[in-house]
Each structure stands twice: as structure tokens, then as C-alpha cells.
Amino acid sequence: MARERVHPNYVGVWLWLVALLIASVGVTTLPVPTGVALFLIFGMAVVKAVLVALNYMHLKFEHLLIYAMAIVPLVIFFVLWLVLYPDIALH
Amino acid sequence: MFRWLPEMVSTYGGDIDSMMYLIYYIVGAWFLLTYGATALFLILYRRREGRRATYIEGNSLREAAWILVPCLIVLVLDLWIDFRGGEVWAKVKGRVPQSDLGIQVTAKQFNWEMLYPGPDGKFGTGDDLQFENELHVPVNKVIRVTLKSKDVIHSFFLPHLRLKQDAVPGRAIEAWFQATKPGRYEIPCAELCGFGHSGMNGFLIVHPADEYERWVKEHWPSS
Amino acid sequence: MAQTHVVATGAEARVASGIATGKMGVWWFLASEIVLFGGLIGAFVMSRLGSGGWSEMAAHLSVPIGTINTFVLLTSSLTMVLAFAAADKGDQRGIRTWLLLTVLLGLTFLIIKGFEWRSEIGAGFTPMASNFWSFYYTMTGLHGLHVLAGVVINFLLFLSALMGLLRGREHRVELAGLYWHFVDVVWIFLFPLLYLSWSKGGH
Amino acid sequence: MSEGVKVEERMSFFRTYVFSIDHKMIAKQYLAIGLFWAIVGGLLAYLLRWQLAYPDTEAPGWGFIGPEFYNMLVTMHGTIMVFFVAMPILLGAFGNFLIPLMVGARDMAFPRLNMLSVWTLALSSLVLLISFFVPGGAASAGWTGYPPLSAKPIYTGVNWGLNLWILALALEFASFLMGGVNFLTTPINLRALGLSMFRLPLLIWMQMTAAILFMLSVGPLIAGAVMLLLDRVAGTSFYLPEGGGDPILWQHLFWFFGHPEVYVILMPGLGIVLEIFPVFSRKPIFGYRPIIYSTIAAAILSFTVWAHHQFISGMDPRLAMPFSITTIIISVPFALMVFAMIATLWGGSISFPTPMLFALGTLAIFLIGGLTGIFNGSAPVDIYIHDTYFVVAHFHYTLFSALFFAGFAGLYFWFPKMFGRMMNEALGKLHFWLTFLLFNAIFIPMFLLGAGGMMRRIANPMQYEFLQPLQPLNAFATIATIFLLLAQLPFVVNFFWSLFAGKVAERNPWHANTLEWSAPSPPPHGNFDTVPVVYRGPYEYSHPSVSEEWLPQDRPTMPTATA
């Protein structure tokens, strides 16, 4: 196994995560329309998830196949969402 | 195979039947072709002393064309079936046409409740009338059926009219039909709904216009 | 009745793809887990869009407690990845320290969650109270089970590190870490879905 | 390349036969579980067919059946055949046995996980078996378990039977998730030197595709099953409209998995046929790469077709046509595989031992299954034939071909490798012809019954005036079923007789090319004398540069190796 591995600044990533957590809770108190607030909150959740995946799960340094194993499932359940939307959410 | 179909007595049933025949002829042709080719090859190329098989990999485009071209034909035929099918689907399950009579059919374990709005044409008024398992309709009129269920999922099946639609609790699902021949037809439930599923059966009674008038007079004498 | 076997010890010797075998196994497992939680979250989101009144119910959740718990889980991800960094250097002491911290933070998350559940049930918000609460308990419960499994795995790793059994098998810390971070990522989405998206009205 | 240290070690009985980590023993354990459930599933089929042909009469050897018990029969027949016969045999047994051997590995990537997966299935089987004997009987809400019927005990009268059914399925899914990790990691990582992905036997591609499909589709159903169980035991209302739930949600979660699941079963079955055709045609498979590409295409498409099970379920009608189009278009990649099989025969030198007969039978039966699928896929036609025997006949033509015809083909083909002895040819051929003819005798009438409108899952067709004239067809199918079950006796005799007294098999009795044939028969723990090195693709038969008709993947003789 390759010993030479790059370790990103884990504590720095953690600081970002905590900052985003506080920010997303803060958004709920801002006087902005619901749509904007939801966009910001879930946008920040996505950023947090990507930070964890890229750095802590070190996807940044991974083989293409591992990327595929992380992304293909996302696409697949998104297909399910797409069909659930007209049938469950709008019925 | 489709001579086993029950007699067809609705306006759109013919479209559905013709779709079946279209697919029947297409897949029938493929059936004969593939079975014929397989049988032919099995006989022609059976093992014989002194003859060696031909080494063909079929990976080059030139060779693979033998299977790719038939696939292309399959695709074209598929799309033909899809587009013809789309029209028929839209006719049966798309927008319900202007209806002459609306009836609410509520399924429950193990009966169909047919609710008529009465002469005022509105549900929830004093002249509503409910019949168990009997659906009386005039011939050649567009009937709109609102399907509901009280407990589990049932399926409203009119084999002679080529209509099937699930009745789902919590939803009101619209369906329609226009019967073209007077008579008495069965309305079985087509979705497993419990121990009484088998035998959950109603009747559609299609009346000629005058006979339907008499039936209405009999049940709503005031009108 | 016994049989003589030729035992292969080199079964994992070849790595044709260049990805460590253990890591690939964990990732395939995570791929299926992504679809599991994706499907569950999809069912929740679509049901929520399709029915009214869920925001009022969600408003009964305590945002401060949820925030603290999110913080705990994010921090546990940090300690986990520091254990991995220690493992990479072969630093046994570091592995033990950071793994123990991760286990403790995981337990803290579960305990806080447990108290949260108790106070909610005490206030009459049982899983049967409404579909929002059914989804809430199912989602946090399924996630909680994953946290519990992670705590157990990390604790076993900690024990084997304590007994010196992890020497030469340090890559197991990385594998446990991948799972732990995935559980963290799930929570990163559950938290705003359940706690935060009510306050602006919505549905 | 480390070959691993070979250690001669005496293993206890338990480590050898019970808690074995050897993929071949695990495969045999899967086979045993699958064959056990096949017998149960077959007996259930006999009882339910009896009730249909001669409603409410005493079934010989059993007694009165009646509608309630009948619902349980159809539910458990479906559940058992799909989850406890097809998956254990096609994936569990053939996948486990062949993947390491065909890729030139000494075992699966995670042997202990492999053992855990078969024992999880054993536990799941036990739970399912117990469910027959709890008060109220086993599950009876259909193998699809549609709520609200399945969500409240009062609707079916079955309480613990259905809870245990859910539990057994959950354990079964867990088992095959663990299996799937092995099925994918092993071929990707433990391939022998020189065995590139495009030199893998097609069966390995099919097993990997099946594993991916399973692993990426089962998650939502696991979540959905937890919700169904909570509805039943905790009083929640995920699927109950009176509490704000939606029954259609389950149908989406179920079929999102359920349709890929069909291909999970089908792919390994087709893979077996694709292995056997070249061996007995003495010819390379026609279009190795196009087959792989169409397998991938079919896998991708299979995630976009599931709602064709719900055309008339009350789903938004605008969703029907998109799903109808994807469903009908998925016929293209499968058509390619069928054309490739037929083209493989062209110019071959074809012999007809039992495995080849069953492989040809698979092709013949699957073709009808595929062609009749077009009817079901067309949304307007489905309005009429949905939930009729047309559908029943269709999916038996697809699944029976993949499970039993391909399964038997594989068993007759790899029996010498599995057990070191040959099976009897005469009994095998008798078994094939009886099975082939009787299978068609059962299911061709069902197409006609379906065209006549006969609904699925009704216990007594005589209760319907429009079905009464069709009753002779039902009786005919039932008699054929009884004979089909009896026709399996030659196989049972052959299997056990050959196990102990069959002709001892050499390493490569069929003169085949793939790596498993260069291991001893049966292979010891660790499989190969030396780990093989691969020089070429798996189907180099009748290659012009060698005098023999076959050219094993690991034979280094040829000066210019073809890729």
C-alpha cells in the first residue's frame, strides 16, 4: 500500500464545517423569502457534505472508480425522486 | 391467441385490440425469424467428422453488423409501437371526455358500491342512490367513473370494455367508458384484496336508451 | 470426518485495479447505503411536499439541541480522520487516543439523541402522532443505528489497538473512517431537513 | 505477484462443511438452500394449480385449500422462487463457485464476509420457514406485499406471518448485499495476471452487473420495508391514507427495486448460456464486446423502467408513456444478446450434450418471454392484460428460463467441476425433453387464459361467468404442472447417483477454455496448483493457428497472443 499520502489540513476543514453549521442555523433567523432560505441552508449542507467527502473520505486523492461508486448512486436515487415528485408530492 | 379475447363492447376497446394485433404481428414475425434461424443453424452446423467450426469473433463492425442491423430494426419497430401506443393511451387514460353521467364507485372488501348522483347530478344530496355490485348505464353514452376505496387497493376491471383501473384508498381516480352494446357484463376485482378477492364481482348492465329511462323512473319516481 | 486443504494465505495478494481491496469493499457497501438513505429521504421530502401541516410539527424540534448534536458529530469526524492520519504514520498512541475520542463523541451523540427522543415522546410526539413524526423517528432511528454500529466498530478497533493487534493492520482505521464519515454526511442532510426547513413557513 | 504460501492443514468437519470460508463450499451451501426451497416452491405450485383447476376440492396428498390458504400459496410461491431459489442458485451458488475460479483467484476477496452472507441467508430461511407455522399462517398479501393490504393485520387475517416475511426479506437482502461486495470486488481486484476486464468470461460480467443492480436498487426497499413493519407493529401510517400516508409510495419503492431484481436473476442466467454456447459450438461467442456494451446499456435502462408495473395503479397517467418507451426500448440490448447467441451457432460445429440442450432451451423459452414482454410494456395493452395470466405466463417464460433452464444447464455443465464426477447423459436428456415440453404445456395455456381476461390471484375462476368456458385450459395447465414436477425425478436420481457413482471427471471434460477448467476437479481449497497467467480471451475455439479446437486462456503456447 502506498505510504506516501497527502493529508489535507483536517482541522481547517473542521473549522469550515462548524462555520457553515452556524451559518445555516443563522439563515433561519434572516428576513429572506422561504425559497432563498431553503436554497442557502441546503446549499451549505451540500458544501459540508462535499468537504467531508473530499477531505475526510479523501475522495480528492482517489481513483476514478471510487468517484463513480460515490456518484452513480446519487444519480440513481435522483431518478427515483424525479418520479416520486409528480406522483407523491403533487397528487 | 387473441381469439380468446372476450367480446369487445366499448368505443376505445377496438384501439386497444388493434394495438395487441400490431404487437402480435411484429413479435410473431420475430418469433418465426429467430426460431427459424436457430433451427436451421442447429441442423446445418451440427457436429460432423472432419469439419471444423469457422473462427468468427464478431467484434469488428463489419461482422457485428449481422446483429447490429437487426437490433436497429427492433428499435424502429419499438418506436412504432410506442407512438401508436401513446395515442391509444391518451385516448383511454388521458383527459376524460365530456361525460353524460358521473358515477362514484367505491370498492371495499369485497364489494363494489355504485353511487348515483340522482337527477340533480350532484353527489352528497338527498337524491343520491347506492347500489351494491350493480352498475346500470345507458348504451352509447360516455360514463365517468370516480373510483375510491374504503380499505385496501382494488382494481375495477371491465374485461369486455378493455378497461382496468385500480381503486386506491385516499385517492379519487377518474376513469371513463362508453359501452356500445346492451347486455350484462362482469366487473371482477383484479388486484389481490384479501381472502374474498376471488369472487369479488359486480355487474355492468348496459341498457338501451328507453330501457334505461324506465330504470331511472323506477328508482327516482319523483323526477 | 476431516479433510486436508491447501490453505491460501495470498488470496488478497493481487490488486488488479490499484485500489486496495478492503477500501473497494467498503465503497461498494457505501454505494448501496447512499441509495438506501437517498430513497428514504426522497420518500420523506415528497411526502412532506404532498401533505400540509408538517412545518408546525417540525417547529417542536429543538434547534439548539440539534445544532449541538451536529457539532458533536462533525467533531467526531475530525477525531476519526486524525486517527487515520495517526494510522498512516504508524503512531499507535495517536490511533488509540483519537479512536477513543471518536467513540466517546459518538456515544455523546446517541445519548443526546436519546434524551431528545424522550422529551419529544414525553410531550406527546410519539411515532404515531403524525406522519411527520413517523418519518422523524424512522430517519433518526435508522441513522442512530448506523451511529451505534460505527461506535461498536470503532470501539473494537480501539480495543485491538490497545492490545497491539492493530500493528500492520492500520488500514482498518481508514476503512472504519470511511463508514463513519458517511454516517456524518447523512446527518449533515438530516439536520436541515428535519430541524431547519420549518422556520420559514414552507408547507 | 505473491502466490501465497500453501499450507497443508487438516480442517475439522465444522470448518470444512459448516462454517467454511471456502467459496466452493459456500456455493454448495447456497445450492442446498436453493434446492430445498425449490422443492417447497414447487409443492406450493402444485397446490395452487390444483385449487385453480378443481376449485374447493381436496388436493391429493394435502386436502382442502380454499381462498385464504390459496392467497398464502401464491404469496409464498412468488417470494420463495424469486428470493430463496433464484438468487441463492444463480448468484449464491454459481456466482460464488465460478467467480474466483474464472478470474483465477484462490478465493473471494472477503472469505469471512462470504461465510457470513450464506449464514445470514440460512437464518433468513429459518425465519421464513417459521412463518408457515405461526398462528394465522404465512404472509398472504402477494409477493409484492402491497399496502394497505399488507400494512394492517385485519385486512388479511395474517399477523406474525407477515411480520416474519418482512424480517426474512430484510435478512435476505442483507445476505446478498454482503455477497454483492464480494461479487464486485473479487473480479475487479483479484483477476489473474493478464486477465484484463475485456478478457473476463461473459458470465463474470453478468454476475457483476447483477450485483451492481441489486446493491444500487435494494436500499429504498429496505427503508420501505422498515416503514411497512412500523405500520404493522408500531401503528404508524406511512402507507395508510387514514393517517396521511400513501399506498402508492410503497409501489414505487418496491418496483424501483423489483424491476432491476428481474435482471438480477436474468443476467446470470443469460451469462450461463453465453458460456455454454461457445463450448459446444466450438466457436467464439459472436460479438463479445457488443454483448458487454449492451449488458451495460440494459443495466442503465433497467433503473428507468420500474413504473411499468404501475400503469393502472392510479399513478399519474402522464408518467405512463415515458416508462412505456423505456420499457419497450430495453428490448434492444436483450435482442442483441439473443441475436449474438444465434449468430454464435452459425458456422459452428454443434454437439448436443445435456448442458447444451438446456442452454438452447433457455434461449427458446427466454425468446418467448422477451417477445411477450412487449405486450406488457405497451401501456394501452397493459390496461387490459395487467394482473391477468398473460403477465403470469410472461414472467414465467423469462424467469423460469433464467432460473431453471439456465440453472440446470449450469448444473449439468459445472457438475464435474463442483463434485468431480460426470452426470448421466441419458437421464439428463430425458430430464430436458420432459421439462421443456411440459413447461410449454403449462404456460402456453396461460397466455390464452390471460387473453381471455383471467385475473391473477383469484382462487376460483368458476366464480366468473366469462371465465367458465376457459376452465379446461386451467385443468390442462394443472395436469402439466403435476407432470413437470414428476419430470424432475430423473434429475434428482441423476444428481445423487452421479454424486457418488458417476464417472470420475477429468480436469477439462468439455474441452473448454476458461480458467476454472485448469483447476483440479473438484478444486481444493485454494483452487489452483499455481495461480494461472492469462494470455487471451475466454472464447478462442477453433482458432486457425492451433490444431485443437480449443485454446485455454492460460496456455502460453501461441506465439502471437490475440487480445
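What ³J(HN,Hα) values, in whole Hz, does the Karplus curve 6.51 cos²θ - 1.76 cosθ + 1.60 give for segment D:133-141 when θ = phi - 60°, with x put for Gly and Pro?
For segment D:133-141, the Karplus-derived couplings read 10, 7, x, x, x, 7, 3, 9, 9 Hz, x marking Gly and Pro.
Under a no-solvent Debye model with one identical scatterer per Cα of segment D:23-200, what's log10 I(q)/I(0) at q = 0.10, 0.16 Å⁻¹?
-0.47, -0.91
Averaged over its residues, how many other protein chain Cβ atoms are within 10 Å of peptide D:206-214's Cβ atoms? Spell out each step's value before the answer.
Details: counts 0, 0, 0, 0, 0, 1, 5, 0, 1.
The shielding value for this peptide is 1.
Of the options B:PHE157, B:ALA175, B:VAL139, report the single residue whose Cα projects farthest towards the positive end of the charge dipole of segment B:132-196 (beta-carbon charges: Lys, Arg +1; Asp, Glu -1).
B:VAL139
Amide H neighbours of B:HIS136 under 5 Å, at least 5 residues apart or on other chains, H built in the peptide plane: list them.
The list, which skips near neighbours in sequence, is B:ILE205.
Per residue and in Å³, how big is the convex hull formed by the alpha-carbon atoms of segment D:422-526?
On the way: hull volume 17.3 nm³, N = 105.
Once divided by residue count, the hull of segment D:422-526 is 165 Å³.
For C:MET128 and D:ILE479, what is the calculated FRET efficiency with R₀ set at 60 Å and r taken between the beta-carbons, to the nearest 0.05? It would help to have the intermediate numbers written out before the result.
Details: r = 51 Å, r/R0 = 0.85.
Rounded to the nearest 0.05, the efficiency is 0.75.
Please report, for the Cα atoms of the protein assembly as shown, the Rg to one decimal and the Dmax as a whole number; what are they, in angstrom?
In order Rg, Dmax, the Cα atoms of the protein assembly as shown give 30.4, 100 Å.
Can you work out ³J(HN,Hα) from phi for every residue in segment D:65-72, in order, using Karplus 6.51 cos²θ - 1.76 cosθ + 1.60 and θ = phi - 60°, giving whole Hz and x for Gly and Pro?
So the J values, rounded to whole Hz, are 10, x, x, 5, 5, 4, 4, 5.
Once the convex hull of the alpha carbons of segment D:355-501 is built, what does its volume come to per residue, in cubic angstrom? Kindly include the intermediate steps, with their values, before the conclusion.
Values: hull volume 14.9 nm³, N = 147.
Each residue corresponds to 101 Å³ of Cα convex hull volume.
Given N residues in segment C:42-98, what is Rg(Cα) / (2.2 N^0.38 Å)? Mind dumping the intermediate values first?
Numbers: Rg = 19.2 Å, N = 57, 2.2 N^0.38 = 10.2 Å.
Normalised Cα radius of gyration, segment C:42-98: 1.88.
When a/c reaches 1.5 or more, the comparison of a/b and b/c decides; with that in mind, is chain D rounded, prolate or oblate per its Cα gyration tensor?
Numbers: a/c = 1.63, a/b = 1.53, b/c = 1.07.
The shape class here is prolate.
Name the residues whose placed amide hydrogens come within less than 5 Å of the amide hydrogen of B:SER155, ignoring near sequence neighbours (fewer than 5 apart) on the same chain.
Counting only residues 5 or more places away or on other chains, the set is B:ALA167, B:ALA190, B:GLU191.
Label 7 Å along Cα→Cβ of B:ALA65; segment D:330-351 residues with amide nitrogen under 20 Å?
The answer is D:336-337, D:339-344, D:346-347.
Considering every residue in B:29-37, what mean count of other chain Cβ atoms within 10 Å of its Cβ is obtained? Don't skip to the answer; put the middle values down first.
Numbers: counts 1, 7, 4, 0, 1, 11, 5, 0, 5.
For peptide B:29-37, the averaged partner shielding equals 4.
What are the membrane-span-like helices in chain B by this rule: whole DSSP H runs, Cα extent along the axis at least 27 Å, mean Kyte-Doolittle hydropathy at least 1.0?
Going by DSSP H runs, the hits are B:13-44.
For chain A, what does the alpha-carbon gyration tensor say about shape, rounded, prolate or oblate, given a ≥ b ≥ c as the root eigenvalues, a/c under 1.5 as rounded, and a/b over b/c as prolate? Before the final figure, lay out each step's value.
Details: a/c = 5.10, a/b = 1.28, b/c = 3.99.
Taking the square roots of the gyration eigenvalues as a ≥ b ≥ c, chain A is oblate.
Pop out the ³J(HN,Hα) list for segment C:28-42 in order, Karplus 6.51 cos²θ - 1.76 cosθ + 1.60 with θ = phi - 60°, rounded to Hz; leave Gly and Pro as x.
Once θ is set to phi - 60°, the couplings for segment C:28-42 become 4, 4, 4, 4, 6, 5, 4, 5, 4, 5, x, x, 5, 5, x Hz.
Reachable aspartates and glutamates from B:LYS148, Cα under 18 Å, same-chain residues fewer than 8 places away excluded?
Candidates past the 8-residue exclusion: A:ASP87, B:GLU113, B:ASP128, B:GLU132, B:GLU134, B:ASP166, B:GLU174, B:GLU191, D:GLU242, D:ASP246, D:ASP316.
Please list, ordered by chain and number, the residues whose modelled amide H lies under 5 Å from the amide H of D:ILE350; skip anything fewer than 5 residues away on the same chain.
Placed amide hydrogens put B:ARG46, B:ARG47 under 5 Å from D:ILE350.
Determine, for A:ILE22, D:ILE300, the number of other Cβ atoms within 10 Å of each Cβ, and report the residues in order from fewest to most. Present the calculation step by step, with values, prior to reporting the outcome.
Working: A:ILE22 11, D:ILE300 15.
Ordered by Cβ neighbours within 10 Å, fewest first: A:ILE22, D:ILE300.
By the scheme Lys and Arg +1, Asp and Glu -1, what is the net charge of all other residues having a beta-carbon under 15 Å from that of D:TRP414?
Numbers: positive: D:LYS24, D:LYS28, D:LYS417, D:ARG421, D:ARG507; negative: D:GLU275, D:GLU506, D:GLU516.
Taking every Cβ under 15 Å from that of D:TRP414, the sum is +2.
Note down the net charge around D:THR156, summing +1 for each Lys or Arg and -1 for each Asp or Glu among other residues with Cβ under 14 Å from its Cβ. Each step should come with its number before you reach the end.
Details: positive: D:LYS152, D:ARG232, D:ARG457; negative: B:ASP151, B:GLU191, D:GLU68, D:ASP231.
My count for the surroundings of D:THR156 gives -1.
Pairs on different chains or at least eight residues apart, Cα atoms closer than 26 Å: how many lysine pairs in chain D fit?
For chain D, qualifying lysine pairs total 13.
Positive end of the charge dipole of the protein assembly as shown (Lys, Arg +1 and Asp, Glu -1 on Cβ, about the Cα centre): tell me which of B:TRP4, C:TRP133, D:TYR46 has its Cα farthest that way.
Projecting each Cα onto the dipole axis, the largest value belongs to D:TYR46.
State to the nearest 20 debye the size of the charge dipole of chain D about its Cα centre, where the only charges are +1 on K and R beta carbons and -1 on D and E beta carbons. Please report the intermediate quantities before stating the final value.
On the way: 25 positive and 26 negative charges, 186 e Å.
Here chain D has a charge dipole of around 900 debye.
Treating the beta-carbon of each Lys and Arg as +1 and of each Asp and Glu as -1, no other charges, what is the dipole magnitude of the protein assembly as shown about its Cα centre, to the nearest 20 debye?
Values: 65 positive and 64 negative charges, 529 e Å.
Here the size comes out at about 2540 debye.
For chain C, build the convex hull from the C-alpha positions and give me its volume per residue in Å³.
Values: hull volume 36.7 nm³, N = 203.
For chain C, the hull spanned by Cα atoms encloses 181 Å³ per residue.
Tell me which lysines have Cα within less than 16 Å of A:LYS48's Cα, excluding those fewer than 8 residues away on the same chain?
Within reach: A:LYS60.
Quickly rank D:172-185, D:426-439 as a protection proxy: mean count of other C-beta atoms within 10 Å, highest first. Walk me through the intermediate numbers first.
On the way: D:172-185: 25.2, D:426-439: 18.8.
The peptides rank, most packed first, as D:172-185, D:426-439.
Nearest 20 debye, what's the magnitude of the dipole of chain C about its Cα centre given +1 on Lys and Arg Cβ and -1 on Asp and Glu Cβ?
Working: 12 positive and 10 negative charges, 59 e Å.
Dipole about the Cα centre, nearest 20: 280 debye.
Order the peptides D:204-212, D:68-76 from the highest to the lowest mean number of other Cβ atoms within 10 Å of their residues. Before the final figure, lay out the partial values.
Details: D:204-212: 25.9, D:68-76: 24.1.
Answer by packing, highest mean first, reads D:204-212, D:68-76.
Read the figures in this text as sums done on the coordinates, not as results from a lab. This structure is a prediction, so every number in the text was calculated from the model and none was measured. Cβ atoms come from the backbone with ideal geometry, glycine included; neighbour counts cover every protein chain shown.
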